1. Tally Lys/Arg at +1 and Asp/Glu at -1 over every other residue whose Cβ is under 9 Å from the Cβ of Ala142; what's the total?
2. If I stretch the segment between Thr25 and Arg10 completely, what's the gain in nm (0.36 nm per residue apart, minus their alpha carbon distance), one decimal?
3. Run the numbers for Glu116 and Asn141: contour at 0.36 nm per residue of separation, minus the present Cα-Cα distance, in nm.
4. Mind ordering 67-77, 89-99 by average Cβ neighbours within 10 Å, highest first?
5. Grab the other residues whose beta carbon is less than 14 angstrom from that of Glu16, score K and R as +1, D and E as -1, and report the net.
6. Relative contact order (percent) for region 56-165, with alpha-carbon contacts under 8 angstrom and 6 or more residues of separation?
7. About the Cα centre, and with charges only on the beta carbon of Lys, Arg (+1) and Asp, Glu (-1), how big is the dipole of region 101-173? Nearest 20 debye, please.
8. What ranking do 117-125, 13-21, 160-168 get when scored by the average of other Cβ atoms within 10 Å per residue, highest first?
Amino acid sequence: MENENQMPGRIDTIVEKFLTKRSQTISRRGILARLGKFSLGVLGVSLLPNLPLDRTFVADAQSGCCYWSLCGIKGYLCPGGATATSCPSGTQRGPSMWSRCCSSPDACPAGGFTVEYWDCCATTVEAAAAVRGAQCIHNPNAGGAWCPTGVPEYGCTYAEVKTLCTSPVDNPC
């Protein structure tokens, strides 16, 4: 009789150790996803694991130089590509910017948006080089780096989309 009372405690300890180890490697979402997939499989509903859609063009457009708002850029993209909205850590925004009217697929009526380009500058060459993304030169007439005194090293450039404009320029990609 005494042996029977010890057995459930022993099983509980073994199960507890097993579940503690498994909980270190499996997330709740993963378990719920597997249970949901299994439940639907039992009901005869099959989910496709991968949709046959090619979404690589979105990543290329946002990380490369062919995004519409980069029609006037000259320099290196900041981390985040065309979606960057501020200077990365370790750099500071220059005191001046340049702008261009870029043709946008989102403009209504058809037209473009004024886009401001801001340079991000660092105090050392290493810090500046660490934040550089792809090099994009769609506006060769833009001046050199717009870095403030005391922060001489050009790192990267980001774009800020502003107001509607007329006579937009297309991105040359």
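Any read-out appearing in this document is the output of simple, stated calculations on the displayed coordinates, not a laboratory observation. This one's a predicted model, so the numbers in the text were calculated from it and none came from an experiment. Here the Cβ is made from the backbone with ideal geometry for all residues, glycine too, and neighbour counts use every protein chain on show.
1. Numbers: positive: Lys74, Arg100; negative: none.
Summing Lys and Arg as +1 and Asp and Glu as -1 gives +2.
2. Values: separation 15, 0.36 × 15 = 5.40 nm, distance 2.37 nm.
Between Thr25 and Arg10, full extension yields an extra 3.0 nm.
3. On the way: separation 25, 0.36 × 25 = 9.00 nm, distance 1.49 nm.
Between Glu116 and Asn141, full extension yields 7.5 nm more.
4. Details: 67-77: 23.2, 89-99: 15.8.
Taking the mean over residues of other Cβ atoms within 10 Å, the ranking is 67-77, 89-99.
5. On the way: positive: Arg10, Lys17, Lys21, Arg22; negative: Asp12.
Once positives and negatives cancel, what remains is +3.
6. Details: 266 pairs, mean separation 40.2, N = 110.
Relative CO of region 56-165 lands at 37 percent.
7. Values: 2 positive and 7 negative charges, 12 e Å.
For region 101-173, the charge dipole is close to 60 debye.
8. Working: 117-125: 21.2, 13-21: 10.0, 160-168: 13.4.
Sorting 117-125, 13-21, 160-168 by mean packing, highest first, produces 117-125, 160-168, 13-21.
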